[in-house]
Each structure stands twice: as C-alpha cells, then as structure tokens.
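To start, the structure under review is shown below, and the notes come after it.
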Amino acid sequence: MKPLMIIGAGGFAREVYAAIMAINRINNHHDVLGFVDLELDDRIIIQGKKVVLTEAALAEYHSPLDVVIALTDCGKRADIAQGLINNSMLSFPPIIHPSAVFMQDQVSFGRGCYVAAGTVLSPGVNLEDFTVVNLLASLAHDVQVGRYSVINPHANISGSVTISESVLIGASAVVHQGLELAQGSVLGMGAVLTRSTTAKASYFGNPARKIMENG
C-alpha cells in the first residue's frame, strides 16, 4: 500500500475518503495517513485519521507520497496543485470510484482527477489534471474537461462539449451539445445552457443567462 494524504478536511474530503475506502475493498492500494488543512490543527480527528502537516510542509515532503486535493473551489485546487507539482516525491493519482461507468480504453484521466460514485463517462471523454466529476454526473461522448474544473452532482453534459480551465458547473445543470464553457465561467445549479459562455462570467436560469462578471 502506498501512503496517501488528503488535502482538505470538510464534507467533500470525507466523500473522497469514502471513495478511497471503496477502492481499497477491491484493491488494497492506498494507505491514508491523514488530512491536510490549514484551518484545523492536529488535535482534530476525521474518519479516524488525524489532521496533520500543513500545505507548506507537504510541499517539502521527502518521501514518496500520493496526494489527493479534496476541495471543490477551482481556484484553491489550482493554487495548491501548482504549489506541489514540482516536488518529485509527490504523485497525484486519479481517484475513480468503483461504481463509475466508463470504458477503460476510451476515457482518459489526468493527474489528480476525482470521479465520484455513480458517474457516467462516455467514449471520448477527456479529464485533464485535477478535475472533479461529482456524484451521478453524466458526460456524453467527446466531452473535454479542462484542468481544475469542477462538475457538481447530477450535472448532465451533452456530447462534444468543451469545458475550459477552472470552470464550475453547478448541481443538476444541463449543457447542450457542442457548446464551449470558457475559462473561469460558472454555470449555476439547475441552469440549462443553450449558448457558449464567455470567460469569467456566471450564468443562471433556464435558459441560462449571464448575470455577472467574475472579475
């Protein structure tokens, strides 16, 4: 078993831990040492594991270690990943729940991506580094997901959609076929997107309309 640390200590981190335990029941591969969180201290116990270290200490880790970033804020995922990837001791395995449905040789997974229980990934889907596809989301054929992007539970992404870097898609949102979600855009919970988005803008409603710029 290879030692692994989970960055984050909230609800999503506990979901990631549960997924790792589901993987271990099939192939006992990950030895979870604990959780990393700057807002907590080492007196806190989560899922029977201590909150240990800090992100700064992790960046200087001197032994082989797997790391999973268990945060759903795109910006924080990007900042943490960029602060750690130059440490040759750290690896970022994709964490894929055993109940996810996909054809092994027709879907690609980047470093540090997370695929939750009940997701469906059709042929041609490409998940770049540090992406999240959360519970029961569905990605149709040839969907491209840029690094650090987060797709929340029950989202439904139609075929040939391109999701750029650091895009946030809300729970139960729907994206029509062939659209492009530009870098840093946000699609709100339950929104139905019928037109491509512009960069760093938020869209809500059915049909989804731009309501604000994200700066």
Compute the FRET efficiency between ALA22 and VAL192 as 1/(1 + (r/R0)^6), taking r as their Cβ-Cβ distance and R0 = 35 Å, and round to the nearest 0.05.
0.65
Can you sort VAL174, VAL150 by solvent-accessible area, 1.4 Å probe, largest first?
VAL174, VAL150
Would you please give the residues with an amide H less than 5 Å from that of THR131, counting only those at least 5 places away or on a separate chain, with H modeled from the backbone geometry?
CYS113, TYR114, TYR148
Could you tell me which label, among (i) 17.1, 51; (ii) 18.0, 54; (iii) 19.0, 68, carries the value of Rg and Dmax of the Cα atoms in Å calculated for this structure?
(i)
Structure-based [θ]222 nm, the chain - -39500 (n - 2.57) summed over DSSP H runs of at least 4, per residue, nearest 500
-4500 deg cm²/dmol
Could you run the Karplus curve 6.51 cos²θ - 1.76 cosθ + 1.60 with θ = phi - 60° over segment 17-26 and give me ³J(HN,Hα) per residue in whole Hz, x for Gly and Pro?
4, 4, 5, 5, 5, 5, 5, 5, 5, 9
Which value, in Å² rounded to 10, gives the accessible area of LYS2 with a 1.4 Å probe and all protein chains present?
60
For ALA201, which sequence-distant residues (separation of 5 or more, or a different chain) have an amide H within less than 5 Å of its own amide H, given hydrogens modelled in the peptide plane?
SER185, VAL186, ASN214
Percent antiparallel among DSSP beta bridges confined to the chain, nearest 5, equals 10
Any idea of ILE69's accessible area? Nearest 10 Å², probe 1.4 Å.
0
Roughly what angle does helix 74-84 make with the longest principal axis of the chain, taking Cα atoms, 0 to 90 degrees, to the nearest 10?
40
Got a number for carbon plus sulfur as a percent of the chain's accessible area, 1.4 Å probe?
51
Using modelled backbone amide H atoms (1.01 Å from N, in-plane), which distant-in-sequence or interchain residues come within less than 5 Å of SER196's amide H?
GLU180
I'd like the accessible area for ASP66, computed on protein heavy atoms only with a 1.4 Å probe and all protein chains in place. Round to 10 Å², please.
10
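The values are calculated or read from the model by the stated rules, or taken from the named source; none is laboratory data. Computed from a predicted model, the values in this text were never measured in an experiment. With ideal geometry, Cβ positions are generated from the backbone for all residues, glycine too; neighbour counts draw on all protein chains shown. Quick note on the areas: whole protein, heavy atoms, side chains included, nothing else; ligands and nucleic acids left out. Shrake-Rupley method; radii C 1.70, N 1.55, O 1.52, S 1.80 Å.
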